[in-house]
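Just so it is clear, none of the values below were taken in a lab; they were calculated from the coordinates. Given the structure is predicted, the values throughout are model-derived calculations rather than measurements. Counting neighbours? That spans all protein chains shown, and the Cβs are built from the backbone with ideal geometry, glycine included.
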Amino acid sequence: MWDYTDKVKDYFFNPKNAGVLDEANAVGEVGAISCGDALKLMLKVDPVSEVILEAKFQTFGCGSAIASSSALTELVIGKTINEALNLSNQDIADFLGGLPPEKMHCSVMGYEALQAAVANFRGEEWKDDHEEGALICKCFGIDEGMIERAVRMNRLTTIEAVTAYTKAGGGCLTCFDALEGLLAKVNAKMVAEGVLAEAEAYKAGGADPAALKKKTQAARSAENAGNAGRAAVRAADVAPSPVSPLAPPPKPLTNLQRIRLIEETIEDIRPLLKKDGGDCELLDVDGSNVLVKLSGACVGCQAASMTVGGIQERISARLGVPVRVIPAKSH
């Protein structure tokens, strides 16, 4: 389980500005659900002053992705377009009190979405300043331009850091040679420009691809195990209480007690959903299956799976046994 700050947890379970902004005149979309992360940033910009009046987001990804997207909207509201463009992915991470190194790509995704939204507002086609065909990592669709910008902006000097910030190399790692060559080339340019000490720069042959692949696979397995249902952050107040090994085992809950605890858990969550125009109601409990009804902004939202996953994890922690939360199909 990653070590998250309290602010990351708060911005995951209490996201600010989530949902659809109908009056948006600047929209940026980055990532892809097939790659595990996708973000749609919507801004309402005053056409005269170019001040960002409102900002909302829809995201598909882990808790860090939701927290980073939410933080981004908070950071840009009230700023002019030019002021917002001065924000970096590090500003997003700093706003949240820091992100685990393995999750920095979530803040980079927010930075990319902002660039895309500004281009959309200005009537420009956002191409991310990348060269045509310069695809490095096919697993996650990461190209040369994005990697070079992340390396320069964050002074990256290891393959592991590049993977953390861009996800490049986080899959099959057949891109290792290209990734290593690019990192060494960009670091060499930074040394020549005087922005990086030569002793810090990455040199070809400085990493073992087999060891990196093993470490990446272990990290992904740990994340998947700890983030069931895509709920990447566990709230401290719903974690099960430790039980002394000398204490007698707790009595199993009756069906009525289980239903009441499930109802209480969902009622605790509903105000958070309602703040962003959504809602969730308990319909039925059948064994370990909990049937719920999503409504409002929760219906059809890209983050619906995250919402269900978060509810599922909270209920499971409250009951002390795993459950499956199933949204009822809309007719």
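For segment 6-121, the Kirkwood hydrodynamic radius comes to 13.6 Å, computed from all pairs of different C-alpha atoms. Between amide H atoms placed 1.01 Å from N, distances below 5 Å from VAL325 occur with VAL290, all of them 5 or more places distant or on a separate chain.
Taking 7 Å steps out from each Cα toward its Cβ at VAL20 and VAL195 produces label points 4.0 nm apart.
Evaluating 6.51 cos²θ - 1.76 cosθ + 1.60 at θ = phi - 60° for every residue in segment 84-89, the Karplus couplings come out as 4, 5, 7, 5, 10, 5 Hz, glycine and proline recorded as x.
Under 23 Å of direct C-alpha separation, and excluding same-chain neighbours fewer than eight residues apart, LYS293 reaches these lysines: LYS16, LYS274, LYS275, LYS329.
Here's how it looks for VAL45: its modeled amide H is under 5 Å from those of ASN25, ALA26, LEU53, which are all 5 or more places away or on a different chain. For the peptides 165-177, 80-92, 57-69, 203-215, the ranking by mean Cβ contacts within 10 Å, running from highest to lowest, is 57-69, 165-177, 80-92, 203-215. With contacts taken as Cα pairs under 8 Å at a separation of at least 6 residues, segment 6-121 carries a relative contact order of 32 percent. Annotation: amide H-H contacts under 5 Å for ALA207 (H modelled 1.01 Å from N, sequence separation of 5 or more, or interchain): none. Rounded to whole numbers, the Karplus 3J(HN,Hα) couplings from phi for segment 314-324 are 5, 5, 4, 5, 5, 7, x, 9, x, 10, 10 Hz, using 6.51 cos²θ - 1.76 cosθ + 1.60 with θ = phi - 60°, and x at Gly and Pro. Packing here is the average count of other Cβ atoms within 10 Å per residue, and on that basis the peptides 315-327, 262-274, highest first, run 315-327, 262-274.
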